[in-house]
Amino acid sequence: MSEKTFRRSIMAVALAFTALFSVLVIPALMADPDIVGAFAAGFVNPYSSGYASDAIACWLILALWIAYEVKTVPIRVGAICLALGVVRGAAVGFAAYLLLRSNRVAEA
């Protein structure tokens with residue numbers, strides 16, 4: 001796979017996830033703006049709990065990766081990627097970091 005195809009694929013998945021997340025979550029959050037309740041709703045049954053736990057673990061791994069690479073591959077906006085991961089989902093934060101990282105590595 002070429003780098004161009006890789007980058008476009010990462011962006012496409014992040015945008016598709018953002019669209020799906022927006023369609024599924026934003027109307028429900030507007031009807032009931034309880035953010036704590038919205039996070040807790042991810043744990044309503046064993047299946048959703050597994051997926052929610054996976055997403056949280058992925059975000060934590062991303063946070064550790066960014067913290068580890070802060071000195072070796074300095075990307076100043078790593079914290080923004082983590083915030084994106086909290087607000088829009090680990091997939092979007094991870095995709096953003098991957099794209100920014102690939103730009104930084106290409107510059108070196």
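Bear in mind that the values in this text are calculations on the coordinates, not laboratory data. Everything quoted here is computed from the prediction, not taken from an experiment. Cβ placement follows ideal geometry from the backbone for every residue including glycine, while neighbour counts extend to all protein chains displayed.
The table that follows gives values for the structure above.
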quantity	calculated
Cβ-based charge dipole, the chain, positive-most Cα from PRO74, ALA31, LEU84	PRO74
Highest-MSF residue in the chain out of ALA19, ALA91, ALA83 [GNM, Cα springs under 10 Å]	ALA19
Dipole magnitude of the stretch 3-107, debye to nearest 20 (Cβ charges: Lys/Arg +1, Asp/Glu -1, about Cα centre)	460 debye
Stretch in the chain that is longest and holds no trypsin sites (Lys or Arg not before Pro) that DSSP places in a loop and that have at most 16 other beta carbons within 10 Å	1-70
Two-site FRET efficiency, ARG76 against MET1, from Cβ-Cβ distance with R₀ of 41 Å, rounded to 0.05	0.90
R0 of 22 Å, Cβ-Cβ distance ASN45-TRP65: FRET efficiency to nearest 0.05	0.15
Rg and Dmax [Cα atoms of the chain; Å; Rg one decimal, Dmax integer]	15.5, 48
